[in-house]
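Okay, so here's the structure we're looking at.
All of the numbers you see were taken from the coordinates with simple rules; none came from a lab. In this text, all values refer to a predicted model and were calculated from it rather than measured experimentally. Cβ atoms come from the backbone with ideal geometry, glycine included; neighbour counts cover every protein chain shown.
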Amino acid sequence: MPNEIRIEFHESLDKVRDDVVRLGAMTVETIGRGTAALLDRDLHAAQVLIDHDDAIDVLAIDVEERCYELLALQQPMAGDLRFLVCSLRVVSELERSADLMVNICKAARRIYDVAIDPRVRGLIEDMSLEAAALTRKAIDAYAERDEGLAAALDDIDDRLDELQTAFIEAVFTTHDTTRMNLRSAVQLALIGRYYERIGDHAVNIGERVTYMVTGWLPEHVAVAREALRRGGTPGSPGPVVTE
């Protein structure tokens, strides 16, 4: 009986992993579809994507509830515990990325009557491709427990950051030279920020994958520094200073 329970437990973990990967694929798909709706000024496609976000939310909630159930009933330890904690965080990051594409589609509705400058359009396409690629790599790192790929995501994200900076400059150059109204320029600037945030969520997934594999998080460096400041040693809270 104990072996059967253990087998069932690991099958449940595999199902969680598979559904997180499926959620990732759905999120990547929304990036391409949302960008197409924006650039094509397709109000119907934008609304379809906004409505489709409910399916992503339903899957995210289902995975989260199963993770909580496994944590409560199976009391996993070590690697299995880190996997479930990591999966909860990955689900949250993916759901937020999908929400950002909903924001982009809502912004697209506000500027559907605005002709987007060719350079601005090109940068939107580039940001979309980078955001989708980063999210896909983050999910690959999670599915394959690839610590090296997870660690590389922060450096890969630099490209998206550079594109977003160039995009903002292009938007306000267009505003100055073609007299694009300020409302439209602000909406486009927000769209650029949303793509950049999707990259940040991918980097966050990478950090959680590193934690899943090694038990280490970037915040642990801050913990060690704070312990030293307070007169303790890394890994200990140190003495509490009161006034």
Here the FRET efficiency for E144 versus R110, based on Cβ atoms and R0 = 35 Å and rounded to 0.05, is 0.30
Please give the FRET efficiency for D18 paired with R119, using the beta carbon to beta carbon distance and R0 = 41 Å, rounded to the nearest 0.05. 0.50
Can you tell me the length gained on complete extension of the stretch V186 to L81, counting 0.36 nm per residue apart and subtracting the Cα distance? 33.4 nm
How high is the relative contact order of the chain? Use alpha-carbon pairs under 8 Å, at least six apart in sequence, and give a whole percent. 22
Could you give the Stokes-Einstein D for the range 1-143 in µm² per second, using the C-alpha Kirkwood radius, 20 °C, 1.002 mPa s? 129
With 0.36 nm assigned to each residue of separation and the Cα-Cα distance removed, Q47 to F9 gains 9.7 nm
Give or take rounding to whole Å, what are the principal axis extents of the alpha carbon atoms in the chain, in descending order? 67, 52, 35
Pull out the extension gain between F172 and N103, defined as 0.36 nm times the separation in residues minus the alpha carbon to alpha carbon distance; nm, one decimal. 22.8 nm
Please give the Cα centre distance for the range 95-136 versus the range 184-209, rounded to the nearest Å. 10
